[in-house]
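A short write-up of the structure that comes next.
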Amino acid sequence: MDPLIYILDIIVFIGIFAIVALSLNLEYGFTGLGNFGKVAFFLIGAYTYALLIEAGIHFIPCIIIAALVAGLIGSLISLPALRLREDYLAIVTLAFGEIIRIVVKAEHGLAYGVWGMTVPPAIFWQGASFRMTLVAHIGLVFVCLLVCFIFVQLVTNSPYGRVIRAIREDEVAAATFGKSRLKYKAQVFAMGSAIAGIGGALFAQYIGFIEPYMFMPMLTFTVWIMVLVGGPANNWGTLVGATLVQLFSRGAKIMKDYLVVPFDPTDLQYILLGLLIIFILLYRPGGIFKERPVKTKALERVSQWKERS
Amino acid sequence: MISAVALTLIYGLSRFPNFAHAEFMALGAYMGYFVAEQLGLGFPSSFVAAFLASGALGVISYKAVFQPLANRGATIIHLMIASIALGFVVRHSIGAIWNWAPLSFSLAWSSFDVGMVRVSGIWLWLILAALVLGGIMHLVLVRTKIGKAIRATSGNPELALSSGININRVTLTTWFIGAALAGIAGLFRAAGTRLSPLLGWDILLPTFAVTILGGIGSFYGAIGAAFIIGLVENVGVVILARLGLSTEYRMAIAFVILILTLLIRPQGLTRLFRGT
């Protein structure tokens with residue numbers, strides 16, 4: 001295989017997973033919501049996109065609608081689920097992800113069920129080589145990533161971001177200041193789901209074929225690892241985490257051909273990944289990049305004042 | 001059912017959902033397989049192997065991972081992630097040792113007909129073992145000192161500590177028993193169907209459903225809930241077929257029960273069993 005295509009492929013995947021990791025970072029890192037059903041919204045985004053593209057709609061509105069549908073379903077789910085304790089929330093979202101997958105698998109009339117569906121290529125022009133379409137995909141994915149990144153940065157560095165951090169730290173205290181924790185959590189959940197939906201749409205677009213078995217709970221955990229490695233509540237850290245985890249799994253796939261071990265190197269890859277997470281949780285629970293204080297006018301003035309004195 | 005009882009013990013005590021539970025089951029099944037098939041010691045000895053191996057894994061994982069984490073003030077989410085990570089390590093270690101291809105016990109189960117229903121020997125054994133284990137667990141929890149200590153610690157750790165209970169030892173014992181029971185459950189699952197490293201993972205969520213419907217930490221609730229969910233799943237399949245829906249929703253039934261329980265009655269059935 002052409003090494004250049006391989007590298008470009010990795011870049012596309014880093015972009016897609018960075019988007020999903022950002023959405024989880026918004027939910028878990030900033031608001032403290034343990035969403036273990038990330039894959040459900042990824043799936044919803046992917047299938048919505050695929051069905052709309054098949055209906056012959058231009059791909060840009062398709063991505064937007066996919067995000068809206070995922071966000072809408074996210075907010076519907078969140079209303080009952082967010083009242084729960086955090087471990088219950090995790091189990092409910094995990095179960096929801098599995099239910100969605102089973103429904104898509106069982107309803108053959110909806111999206112071809114187990115057989116999966118082919119997504120018609122949307123980015124295509126006369127005389128385009130494979131490499132050119134790949135570069136076009138990178139462009140699309142990274143434009144979306146940039147939009148999502150700026151969006152999450154703005155949200156989390158605004159007064160709104162300070163409220164959701166306050167809810168993460170102490171729900172009761174935040175409620176005392178008149179901030180409805182349910183309202184904020186539901187909004188964050190909807191935003192996070194919508195962003196994950198964008199990631200799913202781009203995934204469907206790039207892969208060109210989706211089936212229910214692509215959306216196993218494993219995907220959710222991969223995204224969790226990205227956020228934990230990079231540093232929860234730090235968007236730059238999340239980007240780095242997504243890149244590192246993606247490179248690690250790809251690197252392990254390449255190493256497979258060179259490494260001589262008596263068993264399957266894929267197992268080794270997961271064993272190392274598991275150990276890595278345990279070590280991070282034990283010795284560096286803040287991830288590679290620690291959370292930064294919010295940039296505000298008041299904080300700026302305090303630091304200036306500190307420098308002067 | 002055994003699996004859910006085991007899970008409920010650990011969940012009640014440690015207050016976080018242990019996703020590595022699935023791997024306790026898988027390890028039990030594989031150790032049983034190793035002893036029974038590869039060493040040729042027969043099926044009964046595989047019980048002992050499954051019990052000891054999974055129990056040891058439970059103790060090791062608590063000592064090496066969960067206790068240090070809890071001492072560092074990790075949140076529930078951190079503990080859950082750690083248990084998932086531990087699950088990776090164990091699952092893929094099993095995969096590396098025994099390969100991913102599904103294995104099966106070479107035991108031939110005699111089956112016989114009761115009326116119109118064909119009953120396989122394994123199911124009778126399963127029911128018998130579940131009853132016996134349930135009885136033993138009941139006696140242990142109610143009659144013995146360690147059983148009382150386990151219930152006290154899971155109810156209120158501080159109070160248990162001040163009453164002179166060695167919480168640390170109780171916690172370790174609970175992890176051992178919980179994991180060991182999971183191993184037995186895994187062994188039965190494997191004997192009834194087949195062996196694969198994903199064996200535990202496949203039934204982890206239904207197990208959670210049983211645990212939560214029964215009320216976390218409630219032994220009797222878990223037993224009652226196991227019957228309810230088993231019954232509802234099987235009746236549900238018939239209803240689904242009548243309604244013209246796909247029987248693939250069978251799995252979804254347990255999940256829906258799980259979600260509904262959490263939404264409507266997060267304490268589960270515990271109240272109903274309070275008298276005991």
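The values are calculated or read from the model by the stated rules, or taken from the named source; none is laboratory data. Everything numeric here is computed off the predicted structure, so don't read it as measured data. For neighbour counting, all protein chains shown are included, and Cβ atoms are generated from backbone atoms with ideal geometry for every residue, glycine included.
Any residue in segment A:262-284 that is exposed (fewer than 15 other Cβ atoms within 10 Å of the Cβ), modelled with pLDDT under 80, assigned to a helix (DSSP H, G or I) and more than 14 Å from chain B (Cβ to nearest Cβ)? No, segment A:262-284 contains no residue that is exposed (fewer than 15 other Cβ atoms within 10 Å of the Cβ), modelled with pLDDT under 80, assigned to a helix (DSSP H, G or I) and more than 14 Å from chain B (Cβ to nearest Cβ).
The set of residues from segment A:171-223 being of a type in the set (D, E) and in a loop (DSSP other than H, G, I, E, B) comprises just one member, A:E211.
Just a yes or no: is a residue in segment A:63-76 surrounded by fewer than 24 Cβ atoms within 10 Å (Cβ to Cβ), out of contact with any Phe, Trp or Tyr (no Cβ under 6 Å at 6 or more places or on another chain) and within 14 Å of chain B (Cβ to nearest Cβ)? Scanning segment A:63-76 turns up at least one residue that is surrounded by fewer than 24 Cβ atoms within 10 Å (Cβ to Cβ), out of contact with any Phe, Trp or Tyr (no Cβ under 6 Å at 6 or more places or on another chain) and within 14 Å of chain B (Cβ to nearest Cβ). B:A226 satisfies every condition listed in (1) surrounded by 22 or more Cβ atoms within 10 Å (Cβ to Cβ); (2) modelled with pLDDT under 75; (3) touching a Leu at 6+ places or on another chain (Cβ under 8 Å); (4) not assigned by TED's automatic domain parsing to the domain that holds B:I150 except (3).
Just to be sure I understand, how many residues within segment A:46-67 are closer than 19 Å to A:V104 by Cβ and in contact (Cβ under 8 Å) with a residue 60 or more places away in the chain?
Start the filter on segment A:46-67 by keeping residues that are closer than 19 Å to A:V104 by Cβ, which leaves A:46-55, A:62, A:65-67.
Still in the running and in contact (Cβ under 8 Å) with a residue 60 or more places away in the chain: A:46-51, A:53-54, A:62, A:66-67.
Summing the residues that are closer than 19 Å to A:V104 by Cβ and in contact (Cβ under 8 Å) with a residue 60 or more places away in the chain in segment A:46-67 gives 11.
Residue-by-condition table, conditions (1) within 13 Å of the chain's Cα centre (by Cα); (2) closer than 19 Å to A:A90 by Cα; (3) at pLDDT 80 or above:
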| residue | (1), (2), (3) |
| --- | --- |
| A:A196 | yes, yes, yes |
| A:T222 | yes, yes, yes |
| A:G231 | no, no, no |
| A:T238 | yes, no, yes |
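How many residues does segment A:1-22 contain that are of a type in the set (D, E) and part of a loop (DSSP other than H, G, I, E, B)? Of the residues in segment A:1-22, 1 are of a type in the set (D, E) and part of a loop (DSSP other than H, G, I, E, B).
In segment A:23-38 there is at least one residue that is away from chain B (no Cβ under 14 Å), under 16 Å from A:A194 (Cβ atoms) and assigned to a helix (DSSP H, G or I).
Answer with yes or no whether A:G37 is at pLDDT below 80 and not charged (D, E, K, R). No, not satisfied. For segment B:160-183, taking the residues that are at pLDDT below 75 and in a helix (DSSP H, G or I), the one that is nearest to the chain's Cα centre (by Cα) is identified as B:I167.
Would segment A:86-98 turn up any residue that is more than 17 Å from the chain's Cα centre (by Cα), crowded, with 16+ Cβ neighbours inside 10 Å and over 13 Å from A:F36 (Cα atoms)? No; the residues of segment A:86-98 include none that is more than 17 Å from the chain's Cα centre (by Cα), crowded, with 16+ Cβ neighbours inside 10 Å and over 13 Å from A:F36 (Cα atoms). Looking at B:G217, B:G221, B:G236, B:G200, just one residue is at pLDDT below 75, buried (at least 24 other Cβ atoms within 10 Å of the Cβ) and more than 28 Å from B:Y30 (Cβ to Cβ), and that residue is B:G221. Pairs meeting the criteria (first residue in segment A:18-34 and over 13 Å from A:T222 (Cα atoms) and hydrophobic (A, V, I, L, M, F, W, C), second residue part of a loop (DSSP other than H, G, I, E, B) and modelled with pLDDT under 85, beta carbons under 7 Å, at least 6 apart or on different chains) are A:F30/A:A233.
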